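Since the structure comes first, as structure tokens, the remarks are kept for the end.
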């Protein structure tokens, strides 16, 4: 009995000592280590392959109309891809709607190439079985805005409206968990998982988060589009799954994009 | 025939740094698909890099290497304009050779 108590005490001491040793060693925080990891792999982003695939898709005639997307107007004139992502989402006169990149690509693919909308929206995200064309196209287009400043406008009344609705969606609590986007993305220095989540009320956080999407997710082995990012946020909140490029997702994207205005766009990014 | 690699090589102070990004599924053989069936192992087993006919890096790989692997290595020698070739072979016997020109 006595010996076991003594050995317990020794064990406790040993544990305490090892804890102290550990504390002295780990002055580098978890987020520093993640930053270090990102730095190490930032040169070898497999999203580059999606960009290459997207460029080919953009330039190659396709769909029932055998047309390429080089006449597609993403906001800066027909066929222009350079820098268009810095001003998206935006209001488009021809459709009379505020559109984000993916919904605009959908418009072009249906009108110019004649691809039925359902054929694209049925499986709009990359999976292990199949690469999504619209996702690769989006990766290519965002890559053409790398290093340029985000400048999303809210001058048009429809743009202003989208921004306001997006802001409300961001703060709207609902679902079985009574969650809102803001539950996890409006407080600093509090964690709900290992990695710090960006606080969208802080300009710097909003900027670094927005400018690094779309991104290649190492843990999933896929490049993830911005529509996927929002879709998965809704899933994590246990909300009903939003429709691909639905107004709610575009309005929310508008709010997030405007929050990030002024930052140099740095995507396609690379995530853990 | 696998998908192309992305290779960048640059020389500085007599040392050439080569960065290779490969496209490969790298299935471990332990994963399951949506129906619960095992996904057969499919991974790169050998990687070899050559400079002017000389092998500068050789590696034997297994299941623990990630999907779309990224490799960085350095070797002594090499000059701007010369070529580096990288080859991989996988367990299904498929292979891929790509080359890059060393930049200054």
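Every number here is computed from the coordinates shown, using simple stated rules; none is lab data. Keep in mind the model is a prediction, meaning the values are calculated, not measured. Please note: Cβ atoms are built from the backbone with ideal geometry, for glycine as well, and neighbour counts cover all protein chains shown.
Each peptide in A:160-171, B:28-39 gets a packing score, the mean of other Cβ atoms within 10 Å over its residues, and the list from highest to lowest is A:160-171, B:28-39. For the range A:179-207, the residues whose backbone nitrogen is under 17 Å from a point 7 Å from the Cα of residue A:173, taken along Cα to Cβ, are A:179-188. Just to be sure I understand the curve: with the Debye formula and one point per C-alpha of chain A, what is log10 I(q)/I(0) at q = 0.07, 0.08, 0.15 Å⁻¹? Scattering profile of chain A, log10 relative to I(0): -0.31, -0.39, -1.14. Remark: mean inter-chain Cβ contacts per residue of A:39-48 equal 4, using a 10 Å Cβ-Cβ cutoff to other protein chain atoms. Measure nothing but the geometry: give the 0 to 90° angle between the long axis through the Cα atoms of A:2-25 and the longest principal axis through the Cα atoms of chain A, rounded to 10°. For A:2-25 against chain A, the angle is about 40 degrees. The long axis of helix A:47-59 is offset from the longest Cα principal axis of chain A by roughly 10 degrees. Relative to the longest principal axis of the Cα atoms of chain A, the long axis of helix A:226-236 lies at roughly 50 degrees.
Given the DSSP H assignment, sum -39500 (n - 2.57) over each helix run of at least 4 residues in chain A and divide by its residue total; what's the result at 222 nm in deg cm²/dmol, nearest 500? About -14500 deg cm²/dmol. Relative contact order, whole percent, for chain A stands at 22, derived from Cα pairs under 8 Å and 6 or more residues apart. Here the spin labels are modelled as points 7 Å beyond Cα on the Cα-Cβ line, and at residue A:127 and residue A:188 they lie 4.1 nm apart.
Using 1/(1 + (r/R0)^6) with R0 = 25 angstrom and r between the beta carbons of residue A:232 and residue A:33, what's the FRET efficiency to the nearest 0.05? Working shown, then result.
Values: r = 24 Å, r/R0 = 0.97.
E(calc), rounded to 0.05, equals 0.55.
Assuming a viscosity of 1.306 mPa s and a temperature of 10 °C, what translational diffusion coefficient in µm² per second does Stokes-Einstein assign to the range B:19-90, Rh being the Kirkwood radius over Cα pairs? Estimated via Stokes-Einstein, D reaches 115 µm²/s.
Which shape class applies to the range A:230-272: rounded if a/c is under 1.5, otherwise prolate when a/b exceeds b/c and oblate if not, where a ≥ b ≥ c are the square roots of the Cα gyration tensor eigenvalues? Oblate, because a/c is 1.5 or more while a/b does not exceed b/c.
Hey, got the average number of other protein chain Cβ atoms within 10 angstrom for residues in B:64-72? Display every interim value, and only then the final one.
Working: counts 0, 0, 5, 7, 10, 2, 7, 1, 4.
Per residue, the average neighbour count from other chains is 4.
Remark on the range A:120-272: hydrodynamic radius 16.1 angstrom, per the Kirkwood mean of 1/r across alpha carbon pairs. Between A:188, A:219, A:211, the GNM of chain A built on Cα springs shorter than 10 angstrom shows A:219 fluctuating the most. Given R₀ = 45 Å, FRET efficiency for residue B:66-residue A:151 by Cβ-Cβ distance, to 0.05? Approximately 0.80, to the nearest 0.05.
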